[in-house]
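Below is one structure, written out as structure tokens, with a few remarks after it.
Read-outs throughout are calculated quantities, based only on the coordinates presented, and are distinct from any laboratory measurement. Everything numeric here is computed off the predicted structure, so don't read it as measured data. Cβ: placed from backbone, ideal geometry, glycine included. Neighbour counts: every protein chain shown.
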Amino acid sequence: MPKTRIGLMWKQFFIYLLIIVLTSSFLVFFVSREINKYYVSNLKSNLENQALLVSEMVMNLISSGNTEKIDILAKEMGEKIGTRITIIRKDGLILGDSEEDPAKMENHATRPEVIQALHNEIGSKIRYSTTVKKEMLYVAIPVTENGEILGVVRTSSFVPEIQKSLGTINKKIISIAIILMIIALMFSILSSRLFTNPIKEIAFAADKIKNGDFTTRIFIKRKDELGELSDAINEMARELQKLFTDLNLEREELQVILSSMVEGLVVINGEGKIVLSNKNFLIIAGVLNEASIQSKHYWEVLQNDEINKLVKSVIQTGKTQTFEVQFGEKIYLVNGTPIPKTAGGKIIIVLHDITELKRVEKVKTDFVTNITHELKTPLTSIKGFVETLNEEAGANTKNQHFLEIIERNTDRLIDIVDDLLLLSNLEDKKQKLKIEKINLREMADNILKIFEIKFKEKKISFELDISDNVSNIKADPFWLEQLFINLIDNAIKYTDKGNVKIKIFSQGKDVQIEIQDSGIGIPKEHLSRIFERFYVVDKSRSHKLGGTGLGLSIVKHIIQLHNGKISVESKVGKGSKFIVILPKG
């Protein structure tokens, strides 16, 4: 069963009820107590005045010892004033009483009010009377003559009569309090309604706004906080209506943009469920509509191990990852980008169709491979015939000069063909690295022996500095050797004097290789392009030295295959420093 909900009005009413009941009860109790105090105090005062009047009348009688007349006077006065009067000698003997025979009454010397009076004080006490068998209020005053206490005059009144009078007064007070409570509660109900009705209207309007009805308005014409609240909610509804209109327009624009994208796009949440996708993604995934994949896990739609690896890598690293993935006959470049500020950590996956690009790349690679293979044989033959003709030319200096030119250009063409074949092998995705443990010191020493003659010919000194904490690295020995050969050869070619320094040291989980020369340097505007194939800074010098323009491109591809990085620092006339960072493996 649903729980019964108590409305705000009734809650407010019950609070008022509690306050009114507590306040009224306190007032009734306080007023009754104060009236009781006042009534008793007033009664005591009256009894005291009556006692003083009687004391003046009996003073002479007590001093003369006329007890009979004292008793008659007590009875007459008691009847007249409606109060019990008792006249007591200072030894406690009763001389007269308005209601009882003095001879039959006990000695009153031990009565508390009498004791007080005999001490020259006004005595008062509410206690049970053993004579009349009722609870009474007693007031006793001393009867004195020339400063000597002759006796005591005591007046008294029945407590039940006092209580009866007070009870009547209390009933009237309670009746008035109840009437006032009823009036107050009626006003509280009215006040609660006046207070809660606008709140109900505000709550109703807020609920409609919550459900998306931003046209709702509250019409409360009040100048208090509720009026300000209703105005604020109306303004909020207007702003929300404007905001949602803008958001809907932006959403429509986004949908148009996503639909017009050539790439396939999908957004997945932290649980791996699809929350957004575009038309081209549906085509790639082979599904009919977005609704059929909404809230499905991405691996249910994209059944591909490489995609799973990419998503896991993005989650682990928190960085954009790029993989090449094949779906059927098509190849896609897949980018995974995290959106860390979104709830649950969403990931955007974009699939670029690079099938045609790969086909063109393969055609280009095949063309380069085929043409270099086709060129190598005739070039080798030309070189052989040129060498033969050069030997037969003998003393014919003119012919020998032309043959040397042909031989030099033939060598350059053969170097270009060899480098192109090398580069083609590097770009071939089927190329597998043969990872081995390599001793860097041994490899560097062996490679430097190759260049000993060139160093001596150009009178260039070289320096090898390998840190003790660097010994082995896991890499492909052939390609790592090619990396050293190309960079050292490059340094020698463009250094006319000075030295070449090779420094190898550990950098955390990586090895840093620095090859520095004191050569001609590279102008700043060329630094961004030196790793492009066939790009040379000084063409005339490159042709003279037999450079192919492919060495640095080969180096870059070798480093990429080993998941490393390369950078260069250079100043014209000061030399260059190539910095290679490779993982230790």
Can you give the local net charge around Gly78? Use residues other than it whose beta-carbon is closer than 9 angstrom to its beta-carbon, Lys and Arg +1, Asp and Glu -1.
-1
Computed label-point distance, nm, for sites Lys574 and Asn170 using a 7 Å Cα→Cβ extension
10.8 nm
With 0.36 nm assigned to each residue of separation and the Cα-Cα distance removed, Ile122 to Lys449 gains 104.2 nm
A correct fewest-to-most ranking of Tyr494, Tyr16, Tyr128 by other Cβ atoms within 10 Å would be Tyr128, Tyr16, Tyr494
Inter-label distance, nm, simple model (7 Å from Cα along the C-beta direction), Val262/Glu239:
4.4 nm
What is the gain in length, in nm to one decimal, between Lys456 and Lys474 on full extension, counting 0.36 nm per residue of separation less the C-alpha to C-alpha distance?
3.2 nm
To the nearest 0.05, how large is the calculated FRET efficiency for Glu436 and Ile485 if R₀ is 25 Å and r is the Cβ-Cβ distance?
0.90
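If R₀ is 60 angstrom, what is the calculated FRET efficiency for the pair Glu148 and Lys200, using the beta carbon separation as r and rounding to 0.05?
0.10
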Could you rank the peptides 71-78, 256-263 by their average count of other C-beta atoms within 10 Å per residue, with the highest value first?
71-78, 256-263
By the mean-Cβ-within-10 Å protection proxy, highest first, 456-466, 225-235, 112-122 rank as 112-122, 225-235, 456-466
What ³J(HN,Hα) values, in whole Hz, does the Karplus curve 6.51 cos²θ - 1.76 cosθ + 1.60 give for the stretch 95-104 when θ = phi - 60°, with x put for Gly and Pro?
9, x, 8, 6, 10, 10, 7, x, 5, 8
To the nearest 0.05, how large is the calculated FRET efficiency for Ser313 and Leu389 if R₀ is 41 Å and r is the Cβ-Cβ distance?
0.10
Note, ³J(HN,Hα) from phi for the stretch 484-489, Karplus 6.51, -1.76, 1.60, rounded to Hz, x at Gly and Pro
4, 4, 5, 5, 5, 4
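Provide the net charge surrounding Val28, with neighbours chosen by a C-beta distance below 13 Å and charges set as Lys +1, Arg +1, Asp -1, Glu -1.
Working: positive: Arg33, Lys171, Lys172; negative: Glu34.
Cβ neighbours under 13 Å give a net charge of +2.
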Please list, ordered by chain and number, the residues whose modelled amide H lies under 5 Å from the amide H of Thr144; skip anything fewer than 5 residues away on the same chain.
Leu150
Can you give me the long-range amide H partners of Arg84? Hydrogens built in the peptide plane at 1.01 Å from N, cutoff under 5 Å, separation of 5 or more residues or another chain.
Ser156
Rounded to the nearest Å, the spacing of the alpha-carbon centers of the stretch 161-221 and the stretch 434-504 is 96 Å
I'd like the Karplus ³J(HN,Hα) series for the stretch 26-39: coefficients 6.51, -1.76, 1.60, θ = phi - 60°, whole numbers in Hz, and an x wherever there's a Gly or Pro.
4, 5, 4, 5, 5, 5, 4, 5, 5, 5, 4, 4, 5, 5
What residues have an amide H closer than 5 Å to that of Val275, excluding those fewer than 5 places away on the same chain, when H is modeled at 1.01 Å from N in the peptide plane?
Val267, Ile268, Asn269
Answer in debye to the nearest 20: the dipole magnitude of the stretch 436-583 about its Cα centre, from +1 Lys/Arg and -1 Asp/Glu charges placed on Cβ, is 500 debye
